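Colleague: Attaching a single structure in structure tokens format; questions to follow.
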Amino acid sequence: MRQKLDNPKQHNYNPLIWVLSIVIVGVIIATYFLPKSSDGTLFGIDLKILPLMNAIFNTFTFLFLIAALVMIKQKNINMHRRFIIAAFTTTFLFCISYLTYHSMAESTSYGGEGIFMYVYYFFLLTHIVLAAVIVPLALITLGRGLNMQVEKHRKIARWTMPLWLYVSFTGVVVYLMISPYY
């Protein structure tokens, strides 16, 4: 089903995008400076379940993004939009889980050696840097899509989609590589 590609009522999402981007990245950085739980629990719940939840949310984000990509290639804008909103939803849930874990639990060190250690740190560092970059990129792309600024949306989506896919995929890889050390 095709939608009308012009939207006479444009919204200026830019102030919200930049405020959210700064706040999200700032809050994530701040969580590393908060006092940690002494017993690894929050209200009696073992926090070690949260990294698994993070990986699950990242997996769903990845799958929703692939589905959104397939839908837009088929020119199904309605389903594309639904899958993008689903990806934003699982990313939001990931952020809540991630922030909760990292604000309350001590960091886990990677215990592997050799080539796997270098692979792990490569994925981890690129994941962290690109996760910070993807926040404003994804929000700008979403804003342009919601305003049906098709050409501007396509231009930035060509960068946003592969980066977001990489971030969600490497989030799962990093979890799988560090999970034996929790």
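Every number here is computed from the coordinates shown, using simple stated rules; none is lab data. In this text the structure is predicted, and so the values were computed from the model without any measurement. Every residue, glycine as well, gets a Cβ built from its backbone with ideal geometry; the counts of neighbours run over all protein chains shown.
Colleague: Dipole of the range 40-181, Cα-centred, from +1 at each Lys and Arg C-beta and -1 at each Asp and Glu C-beta, to the nearest 20 debye?
Modeller: Here the range 40-181 has a charge dipole of around 920 debye.
Colleague: Along the positive direction of the dipole of the chain (beta-carbon charges: Lys, Arg +1; Asp, Glu -1; about the Cα centre), which of Thr170, Thr108, Ile140 reaches farthest?
Modeller: Ile140
Colleague: Moving on. Quick one: what do you get for the range 40-181 if you divide its Cα Rg by 2.2 N^0.38 Å?
Modeller: Values: Rg = 16.5 Å, N = 142, 2.2 N^0.38 = 14.5 Å.
Cα-based Rg divided by the globular estimate yields 1.14.
Colleague: A further question follows. Kirkwood hydrodynamic radius for the range 138-182: how many Å is it when counted over pairs of different Cα atoms?
Modeller: Evaluated on the range 138-182, it is 11.9 Å.
Colleague: Another one. When the chain is treated as a GNM, springs tying every alpha-carbon pair under 10 Å, which of Thr100, Thr108, Thr126 comes out with the largest mean-square fluctuation?
Modeller: Looking only at Thr100, Thr108, Thr126, the largest GNM fluctuation is found for Thr108.
Colleague: Mean-square fluctuation check for the chain, GNM, Cα pairs under 10 Å: which of Ser109, Ser97, Ser21 is largest?
Modeller: Of Ser109, Ser97, Ser21, the Gaussian network model singles out Ser109 as fluctuating most.
Colleague: Taking loop as defined by DSSP and a crowding limit of 13 other beta carbons within 10 Å, which chymotrypsin sites (Phe, Trp or Tyr not before Pro) in the range 22-81 fit?
Modeller: Here the sparse-neighbourhood loop sites are Tyr32, Phe33, Phe43.
Colleague: Report the label-to-label distance for Val25 and Leu125 in nanometres (one decimal), using points 7 Å from each Cα along the Cα→Cβ vector.
Modeller: Result: 1.9 nm between the two label points.
Colleague: Along the range 10-17, what does the Karplus equation 6.51 cos²θ - 1.76 cosθ + 1.60 (θ = phi - 60°) give for ³J(HN,Hα), rounded to whole Hz, x for Gly and Pro?
Modeller: Listing the rounded values in order: 8, 10, 8, 8, 4, x, 5, 4 Hz.
Colleague: Order of Ser107, Ser168 from fewest to most other C-beta atoms within 10 Å?
Modeller: Details: Ser107 8, Ser168 27.
Ranked by crowding around the Cβ, least crowded first: Ser107, Ser168.
Colleague: Which distance in Å, rounded to a whole number, links the C-alpha centroids of the range 152-182 and the range 95-147?
Modeller: Comparing the Cα centres of the range 152-182 and the range 95-147, I get a distance of 8 Å.
Colleague: What does the extension gain come out to for Tyr118 and Leu146, with contour length at 0.36 nm per residue minus their alpha carbon separation? Numbers along the way, then the final one.
Modeller: Working: separation 28, 0.36 × 28 = 10.08 nm, distance 4.03 nm.
Difference between extended and current length: 6.0 nm.
Colleague: Determine ³J(HN,Hα), in whole Hz, for all residues of the range 144-161 in sequence, where each value follows from phi through the Karplus function 6.51 cos²θ - 1.76 cosθ + 1.60 and θ = phi - 60°; x replaces Gly and Pro.
Modeller: 5, x, 5, 7, 6, 8, 4, 5, 5, 5, 4, 4, 7, 5, 4, 8, 5, 4
Colleague: Still on this structure, I have one more. Of Ile128, Ala86, Ile22, which is farthest along the charge dipole of the chain in the positive direction, counting Lys and Arg as +1 and Asp and Glu as -1 at C-beta?
Modeller: Ala86
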